[in-house]
Amino acid sequence: MMKKIKNHIEELFKEIPRTQESELVKQEIIQNLEEKVIFLMESGKEEEDAINKAIVEFGDIDELKKELGVKNPDQKKSKLAKLNLAYSLCGSGLLIVLFLFINFYYTPNTIWFVYPTFGLLWWPLSMYFYWQRNK
Amino acid sequence: MVRSDIIRGHLDSIILRLIFEKDRYGYEISQEIGLRTNNRFQIKEATLYAVFQRLEKKELVEAYFGDITHGGKRKYYKITSLGKAYLNELTKEWHEVKEIIDLFMEDL
């Protein structure tokens, strides 16, 4: 008999990413709705009526979606931006060291490594601002 | 029945207050709200669980599993000391708001 409730909630949760958190909330909701149905039946409602009433009164799931789902992609983005920043720092660092080495090893009398260094620094700099914006 | 968007901003207060009185589980809270307001205001379950999520994330309430009933485990909510402090703040704020709105709406 409670299958209908379970199916309905599963349907509503379809668009919410399956995580341990959302799974727990789902279980909690199903459990509480079942109790509601039992309570309604004890106060004299037909099973069918009770289930329908519980489902209708459940309401709009958008708010819950916001609590469970929408925040996660943002966090992911910020994490990715951080990774990009770290990568750009390592990458540009290595390249600068390479230029430094070539400069002083082959042409120790002219200092030219500063020019590519300035160019290269745009990379981590842009990643830094990207990360800041996504934080 | 009162328009729910007016009450929306105070749902945290209502639910924190009910959990403050004693540890409660989801359905109990929605029932209690209907009972106390004489069904003039009823909270939608979907909204209720969104509020729980929010309160739990802010560490204003803690959840734990209680006894098994009707085949499932009830999830109970307990207010934290942070939650109590927050509720206290909300209460003060509400008295402020009430006074301000009353300035305009009273004796009309």
A:F99 vs. criteria without any contact (Cβ under 8 Å) to a residue 24 or more places away in the chain and either closer than 24 Å to B:F41 by Cβ or in the same structural domain as A:V114 (by TED's automatic domain parsing) (or both): yes
Number of positions in the range B:11-47 that are of a type in the set (A, V, I, L, M, F, W, C), more than 9 Å from chain A (Cβ to nearest Cβ) and farther than 17 Å from B:L90 by Cβ: 2
Filter result for the condition that a residue is closer than 30 Å to B:D12 by Cα and not assigned by TED's automatic domain parsing to the domain that holds A:H8, over A:S126, A:S78: A:S78
Test set (1) touching a Leu at 6+ places or on another chain (Cβ under 7 Å); (2) within 14 Å of chain B (Cβ to nearest Cβ); (3) at pLDDT 85 or above - A:I61 fails condition number: (3)
Subset of the range B:59-81 [facing chain A (nearest Cβ under 9 Å) and either among the charged types (D, E, K, R) or touching a Cys at 6+ places or on another chain (Cβ under 9 Å) (or both)]: B:K73, B:R74, B:K75
Scan of the range A:21-58 for residues that are of a type in the set (V, I, T), out of contact with any Asp or Glu (no Cβ under 7 Å at 6 or more places or on another chain) and surrounded by 20 or more Cβ atoms within 10 Å (Cβ to Cβ), ordered by number: A:V25, A:V37, A:I51
Selected residue [within 15 Å of the chain's Cα centre (by Cα), aliphatic (A, V, I, L, M) and farther than 18 Å from A:E21 by Cβ] from B:I68, B:I43: B:I43
All positions within the range B:48-58 that are more than 9 Å from chain A (Cβ to nearest Cβ), in a helix (DSSP H, G or I) and charged (D, E, K, R): B:E56
Filtered residues of the range B:12-47 (kept if of a type in the set (K, R) and farther than 21 Å from B:N88 by Cβ): B:R40, B:K44
Residue identified as in contact (Cβ under 8 Å) with a residue 60 or more places away in the chain and either assigned to a helix (DSSP H, G or I) or among the aromatic types (F, W, Y) (or both) among B:F41, B:F65, B:F20: B:F20
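The values are calculated or read from the model by the stated rules, or taken from the named source; none is laboratory data. These numbers come from a predicted model, not from an experiment. For neighbour counting, all protein chains shown are included, and Cβ atoms are generated from backbone atoms with ideal geometry for every residue, glycine included.
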